[in-house]
């Protein structure tokens, strides 16, 4: 059901473990670019009409408008199962607790008397938040997108999720109910690359946005790459992935259950166990057989995911060796199930989110830990972070110098301008002072422009 990769005895270089030796799905976003390009151009030129056509072509549903009526959002919340509502409200509450503390404050530094630099944190003006809706329904992704944007102070937010034939061409009602709980009344029934294009270019119904965030399939990732620059993006999210670093102290029942929990997302989902215990590896393999037989989505998702090249059990020499492996892998979700798990987790450098010990499964983070589950995939955790309040903020430097403070440093500015053969830069400084006025601020004369 799941393959093994034996890295025991394999030496690591100074650069670390060779990433090519590790399980990873093959995703050709570049190839997908050429397929989404005409879709995005079509939405650019035809707007809502193109979105309606693509809803029928890709989602199998005829719609006459893309924006979801306010009454439908209200109705979805009114008809929501009370238990689901309570769970969503608790998830929102916990997410707010965590994300509210992420908000940065403006800082002002006095560089010299009369000269300050202030860093102001300004929220993005308008964002488009994408919520997938293919094999599963993800109201939790509404929360993970909306809460940090709200806590950042974003003033205008729109949510888009694919239209569902089973619900009259609207997004799933639980998606709509989550929007209602969060006070979001601008929602669109559009999915895939066409939704990203709608946000980027705008349509008759939807004003263009400055930034698009949220997970999606390869077509969403390709559209984000294509339109990056016109819009800001959080990341090119790919299929979900979990890596578990475990030793002989781990419970194979827990490890197997957690590997399956990610495999049920998608046949391309990655489930990876890294362990120095061959006994644990064997026990996990047996548990996978037992637990998979008792769950849903077996043939269409779990078995293909666990059996795919993106999943596997990686045998290593030690926990230290395992740390090098998971750092090279850069998992979206990384569980540490070892002795002294907190100390081991503290040594991890590359992961979207780290789950410490036997009672912090990835499922907790998906819904109710308070952390964000929109995380970097495909090894991008080695250079990128998950969605947070910071994702929606821009740092702007405000430079405020008095005449005296400028005069004090003018000589250095002019010198550097001359060194870069940009004499007009220096001239722009000298133009603010009378001839010879700058000499008293330095023990050397300001050089003349050439």
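Read the figures in this text as sums done on the coordinates, not as results from a lab. Since this is a predicted model, take the numbers as computed values, not measurements.
Among 421, 276, 366, which one shows the biggest mean-square fluctuation in a GNM of the chain, springs joining Cα atoms closer than 10 Å? The residue with the greatest mean-square fluctuation here is 421. Quick one: helix 139-152 against the long Cα principal axis of the chain, what's the angle to the nearest 10°, folded into 0 to 90? Tilt relative to the chain: about 20 degrees. Here the ratio of the Cα radius of gyration of the chain to 2.2 N^0.38 Å is 1.18. Of all DSSP beta bridges confined to the chain, the antiparallel ones make up roughly 30%.
In the chain, helical runs assigned H by DSSP with n ≥ 4 each contribute -39500 (n - 2.57); averaged across all residues and rounded to the nearest 500, the mean residue ellipticity at 222 nm is -12000 deg cm²/dmol. Per residue, the convex hull spanned by the Cα atoms of segment 21-93 amounts to 213 cubic angstrom.
Using bins of 10 Å that start at zero, the share of Cα-Cα pairs per bin across segment 113-206 amounts to 16, 45, 25, 7, 5, 2, 0, in whole %. For the chain, modelled as a GNM whose springs connect Cα atoms under 10 angstrom apart, the maximal fluctuation among 111, 68, 314 occurs at 111. Across all Cα atoms of segment 1-135, the radius of gyration (one decimal) and Dmax (whole number) stand at 24.9, 69 Å. By the compact-protein rule of thumb, 2.2 N^0.38 Å, the alpha-carbon radius of gyration of segment 347-450 corresponds to a ratio of 2.01. Across q = 0.17, 0.21, 0.25 Å⁻¹, segment 242-323 modelled as identical point scatterers on its alpha-carbon atoms has Debye log10 I(q)/I(0) values of -0.59, -0.87, -1.16, in the order of the q list. A quarter of the convex hull surface defined by the alpha-carbon atoms of segment 157-288 gives 10.6 nm² as the mean projection. Springs between Cα atoms under 10 Å define the GNM used for the chain, and in it the highest mean-square fluctuation of 162, 113, 304 occurs at 113.
Give me Rg/Rg_expected for segment 402-441, where Rg uses Cα atoms only and Rg_expected = 2.2 N^0.38 Å with N residues.
Values: Rg = 9.6 Å, N = 40, 2.2 N^0.38 = 8.9 Å.
Ratio of Rg to 2.2 N^0.38 Å for segment 402-441: 1.07.
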